[in-house]
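First the structure, in the form of structure tokens, and then the observations on it.
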């Protein structure tokens, strides 16, 4: 919800990608390291209305566990993710959001598109380039 207008930014459904093994009812909270800049502890939890977008995030998440996508519901207000909205893409075509409030896990989602090994390597190269570029800061 957009606190200023009380109108939903997006009707969802919403997804979160991670390598964590979660169960229905678990809460995803802020306070963990960024997958893109590990030195940054995030003040928000991020999610998207695009199932495969969450899959991409899961594939890029830190750790060696299997990537997972979860259907989630926000428990509080949320906003467009400023790291992609208008900063990199006009509007919010990635349908990406963030919230300081937890996200509740509704269910694990299994029908998302996995990246090829080549595509995953390319994304990891892009992330490494962002880390090396001072302009690749994260709006936290």
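Yes or no: the stretch 103-114 includes at least one residue that is assigned to a loop (DSSP other than H, G, I, E, B), in contact with a helix residue (DSSP H, G or I) (Cβ under 7 Å, 6 or more places away or on another chain) and surrounded by fewer than 13 Cβ atoms within 10 Å (Cβ to Cβ). For the stretch 103-114, residues assigned to a loop (DSSP other than H, G, I, E, B), in contact with a helix residue (DSSP H, G or I) (Cβ under 7 Å, 6 or more places away or on another chain) and surrounded by fewer than 13 Cβ atoms within 10 Å (Cβ to Cβ): present. Scanning the stretch 33-49 for residues that are assigned to a loop (DSSP other than H, G, I, E, B), at pLDDT 90 or above and surrounded by 16 or more Cβ atoms within 10 Å (Cβ to Cβ) yields 44, 49.
Being in contact with a strand residue (DSSP E or B) (Cβ under 6 Å, 6 or more places away or on another chain), crowded, with 16+ Cβ neighbours inside 10 Å and in a loop (DSSP other than H, G, I, E, B) narrows it down to one residue among 54, 58, 30; which is it?
Unique residue meeting the criteria: 30.
Filtered by the rule that a residue be more than 10 Å from the chain's Cα centre (by Cα), farther than 18 Å from residue 100 by Cα and either part of a loop (DSSP other than H, G, I, E, B) or modelled with pLDDT under 95 (or both), the stretch 61-83 gives 62, 63, 64, 65, 66, 67. Across the stretch 87-102, the qualifying residues are those that are modelled with pLDDT under 90 and surrounded by 17 or more Cβ atoms within 10 Å (Cβ to Cβ), and the one among them that is nearest to residue 16 (Cα to Cα) is 94.
Going by what's in this entry, would residue 130 be described as modelled with pLDDT under 85 and exposed (fewer than 13 other Cβ atoms within 10 Å of the Cβ)? No; evaluated as a whole, the condition is false for this residue. Taking the conditions (1) touching a strand residue (DSSP E or B) at 6+ places or on another chain (Cβ under 8 Å); (2) at pLDDT below 95; (3) surrounded by fewer than 16 Cβ atoms within 10 Å (Cβ to Cβ) in turn, residue 9 satisfies each one other than (3).
The values are calculated or read from the model by the stated rules, or taken from the named source; none is laboratory data. Values in this document were obtained by computation on a predicted structure and should not be read as measured data. Note that we place each Cβ from the backbone using ideal geometry, even for glycine, and neighbour counts take in every protein chain shown.
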